[in-house]
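Data block below; observations after.
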Amino acid sequence: MHLDGNSAIVTGGSLGIGTAIALKLAEFGANVAINYRKHKEEAEEVIKKVKAMGRKGLVVQADISNFSDAGKMVDDVVKEFGGLDILVNNAGINWDGVIWKMTEEQWDSVIDINLKGYFNYIRSAAPIFREQKSGKIVNVTSINGLRGKFGQSNYSASKAGIIGLTKTVAKELGKYSV
């Protein structure tokens, strides 16, 4: 895979799977931007590794559940890298609890980050991808979105929502080679 000259956003790129995705994209030649909400030092370390591979890197403090933050990050990436080619929605949280004990805050936090956050970034990137008639969107989800898991109604619902969102966005943007 050759991604020389491509520019990518990886949400949740400061830890875990997101870090691995960001570094692999850079290894294949992409410039990479990641966001962080709490883990600034970890995010800066990831981008330091991206730059050590000879790629451009950008760290942005952005809460993915905030629509304005998502739009600003997409704009920052376009300004810094000259465009956007790849969006990887990876950020996510879980806050487990059985349904009869789950608080509204637990439900809302997981849905806001895991589902609304993906919408926020897709919505911000879609006009760019549509206009340039190309782009790639990768949405990281979970098997729990298909089968559910005890104590994770909020998480499972958010991941099922991502599956539906992904299928619908593919139908809407597919004719634009996205």
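Return a whole-number percent for the relative contact order of the stretch 7-176, with Cα pairs under 8 Å and 6 or more residues apart as the contact set. Numbers along the way, then the final one.
Working: 307 pairs, mean separation 35.5, N = 170.
Once normalised by length, the contact order is 21 percent.
What residues have an amide H closer than 5 Å to that of I137, excluding those fewer than 5 places away on the same chain, when H is modeled at 1.01 Å from N in the peptide plane?
L87
Starting from the Cα of K79, draw a straight line to each of the aspartates and glutamates and keep only those under 19 Å, dropping any in the same chain fewer than 8 residues away.
Partners found: D4, D69, E131.
Taking 30 Å as the cut-off for C-alpha to C-alpha distance, list the pairs among K72/K101; K51/K72; K38/K101; K72/K175 that go past it.
The pairs that break the limit, which is 30 Å between Cα atoms, are K72/K101.
Return the distance in nm (one decimal) between the two label points of a simple spin-label model at A20 and V78, each offset 7 Å from Cα along Cα→Cβ.
3.3
Quick one: 3J(HN,Hα) in Hz for the stretch 116-122, Karplus 6.51/-1.76/1.60 with θ = phi - 60°, rounded, Gly and Pro as x.
With coefficients 6.51, -1.76 and 1.60, one gets 4, x, 5, 4, 4, 6, 4 Hz.
To make sure I understand, if each residue's beta carbon is the centre and we count other beta carbons within 10 Å, what order do Y176, Y118, Y36 fall in, fewest to most?
Least to most surrounded, the residues fall as Y176, Y36, Y118.
Determine the gain in length on full extension of the stretch E44-K175; use 0.36 nm per residue of separation and subtract their C-alpha separation, reporting nm with one decimal.
The E44-K175 span can extend by a further 43.5 nm.
Suppose each label sits 7 Å from its Cα in the direction of the beta carbon; what would the K149-E105 distance come out to in nanometres?
Result for the modelled spin labels: 2.3 nm.
Explain nothing, just compute: Karplus ³J(HN,Hα) = 6.51 cos²θ - 1.76 cosθ + 1.60, θ = phi - 60°, for every residue of the stretch 140-145 in order, whole Hz, x for Gly and Pro.
7, 10, 8, 4, 5, x
Work out how much length S68 to K51 would gain on full extension: take 0.36 nm times their residue separation and subtract the Cα-Cα distance, in nm to one decimal.
Roughly 3.4 nm would be gained on extension.
Under 5 Å between amide H atoms, partner at least 5 residues away or on a different chain: which partners does L58 have, H built in plane at 1.01 Å?
The answer is V32, A33, I34.
What are the ³J(HN,Hα) values, in whole Hz, obtained from phi via the Karplus relation 6.51 cos²θ - 1.76 cosθ + 1.60 with θ = phi - 60°, for each residue of the stretch 147-163 in sequence order, with x given for Gly and Pro?
10, x, 8, 3, x, 10, 4, 5, 5, 4, 5, 5, 6, 5, x, 5, 4
Quick one: Cα centre-to-centre distance for the stretch 143-178 and the stretch 82-105, in angstrom?
12
Which order results if R55, R123 are arranged by neighbouring Cβ count within 10 Å, fewest first?
The fewest-first ordering by Cβ neighbours comes to R123, R55.
List V10, V110 from most exposed to least, where exposure is judged by having the fewest other Cβ atoms within 10 Å.
So the residues, fewest neighbours to most, are V110, V10.
Taking the Cα-to-Cβ direction at V138 and at Q61 and moving 7 Å from each Cα, how far apart do the two end points lie in nm?
2.8
Here, each number is a calculation from the coordinates, and none is a lab measurement. Note that the coordinates shown come from a computational prediction; the quantities given were computed from them, not determined experimentally. When we count neighbours, we look across all protein chains shown, and the Cβ atoms used for this are built from the backbone with ideal geometry, even at glycine.
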